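Trainee: This is the structure, below, for whatever I ask next.
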Amino acid sequence: MATSKLLIGIVSGTIIAGSAAAAFNAQNPGRAAAAQTGQPASSAETAEGAVTVTPSVSDSSDTNTPESDTAAVSETQTGTQTENSEEAEETVLLNGWSDGKYFIDNVPASNTWEVIDGHTYRFDADGNEVTGWYSENGSTYYLGSDGTLTTGNASIDGKNYCFNENGVMQTGWINGIYYSPDGSEYSFDGALGNVGRLFIPSAGVNVALNYVDDNTGDEAAQAICDAEDSAAYMVFSSSDEVWIGDHNFQGFDAIKSVAPGTEAFIKNTDGTISTYVCTEIDQGTNTGYDIVTADGRSASSINAGGIVMYTCNDDWTSVTAAFWQAE
């Protein structure tokens, strides 16, 4: 480059180099200016023969001129813009359904609920839409074969269910209809005894109730207990307590599976339904006149005013007793 070359001056045949040349130029600013412009001195000046200044000449390979720099920048910018344009054309964000998954900006929805076109979907950890029964945080949902969340009343596998507006399966009484703990609509069907009919949905108990006066004696009660589809409904006037007894071979032994908090219903002869809640379940001994629990308590003293349901275990003296109070 120009700055890398050695400037020399010739004065009357004498070589002046370095600082001497600089001093000379300082004394002859006109000539120095001419030399700095890269133009040769005029013939008149040369004719005087006083000074000949040979300016440096840049290498032919040195192209650092404003024009060349501008051209290089322009070319670089054009190339960058072209590359960015191509990248922009190649980057396409995937939004929507693809291969059974739902993408949001190229990322599949996972472990989340999404509302899509007015329908609610649930996606698992792998991004697949959930179908069928699904439970989360103590609530149960049903998503159809197309993945959409079910709300309102629906028939599933031949049973009727009720879901609220958020898709949560309902249980208990809804608009006069009872939905059992598994969510299916429960039917209080079956012939009524002369008292009514007992239903324990969670245990599968469904048996007619027939009244036995406490003065009738054990034989009458036994006959009712032994009859098909019948349980003895015995009222003890002394304690205002109702005992319901049946033999386990008729299916009444299902009360062994109940737990405190379980609901039972009696459909009365007038069609109304009374609700009872289990408060306790114990093993006991049937004395013929009372049931005594393993800790020595009388069934009558445990549940005055309520209902005692009992069924035989291995023989008639060993029983399982469940205690209920009206809700």
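The values are calculated or read from the model by the stated rules, or taken from the named source; none is laboratory data. Small disclaimer: the values here were computed from a predicted structure and weren't measured. All Cβ positions, even for glycine, are placed from backbone atoms using ideal geometry, and neighbour counts span all protein chains on display. Please note that ligands, DNA and RNA were not included when accessible areas were found on the heavy atoms of the full protein model with its side chains. Shrake-Rupley method; radii C 1.70, N 1.55, O 1.52, S 1.80 Å.
Trainee: Along Cα→Cβ, 7 Å out, is where each label goes; now give me the distance between the ones at residue 126 and residue 211 in nm to one decimal.
Mentor: A separation of 6.3 nm, rounded to one decimal place.
Trainee: Another one. I need the phi-derived Karplus couplings for the range 125-138: 6.51 cos²θ - 1.76 cosθ + 1.60, θ = phi - 60°, integer Hz, Gly and Pro marked x.
Mentor: The phi angles translate into 5, 8, x, 7, 6, 7, 10, x, 6, 8, 10, 7, 6, x Hz.
Trainee: Quote the accessible area belonging to residue 105 in square angstrom, nearest 10, computed with a 1.4 Å probe and with ligands, DNA and RNA left uncounted.
Mentor: 80
Trainee: Go through the range 187-194 residue by residue and turn each phi into a ³J(HN,Hα) via Karplus (6.51, -1.76, 1.60, θ = phi - 60°); whole Hz please, and just put x for glycine and proline.
Mentor: Karplus-based 3J(HN,Hα) across the range 187-194 equals 9, 8, 9, x, 5, 7, x, 6 Hz.
Trainee: Here is a further query. Å³ per residue of the Cα convex hull, for the range 196-318?
Mentor: It comes to 103 Å³ per residue, whole-number rounded.
Trainee: Can you compute the FRET efficiency between residue 111 and residue 156 using 1/(1 + (r/R0)^6), with r the Cβ-Cβ distance and R0 = 25 Å? Round to the nearest 0.05.
Mentor: Once rounded, the FRET efficiency stands at 0.50.
Trainee: On to the next question. Leaving ligands, DNA and RNA out of it, work out the accessible area of residue 247 with a 1.4 Å probe and give it in Å² to the nearest 10.
Mentor: 30
Trainee: Could I ask something else about it? Taking the Cα-to-Cβ direction at residue 99 and at residue 177 and moving 7 Å from each Cα, how far apart do the two end points lie in nm?
Mentor: 4.2
Trainee: A further question on this structure: Multiplying the sequence separation of residue 275 and residue 314 by 0.36 nm and subtracting their Cα-Cα distance, what value in nm do you get?
Mentor: Value of the extension gain: 11.0 nm.
Trainee: Sticking with this one: Would you mind computing, in nm to one decimal, how far apart the modelled labels at residue 119 and residue 228 are, each placed 7 Å from Cα along Cα→Cβ?
Mentor: Each label point is offset 7 Å from its Cα along the Cβ direction, giving 4.9 nm.
Trainee: Distance from the Cα centre of the range 89-128 to that of the range 161-205, in angstrom?
Mentor: 38
Trainee: Follow-up. Suppose we keep just the alpha-carbon trace of the range 119-218; what are its Rg and Dmax in angstrom?
Mentor: Reported Rg and Dmax, both Å: 19.3, 69.
Trainee: How big is the range 268-309 along each principal axis, measuring the range of its Cα positions in Å and listing the largest first?
Mentor: 38, 21, 15
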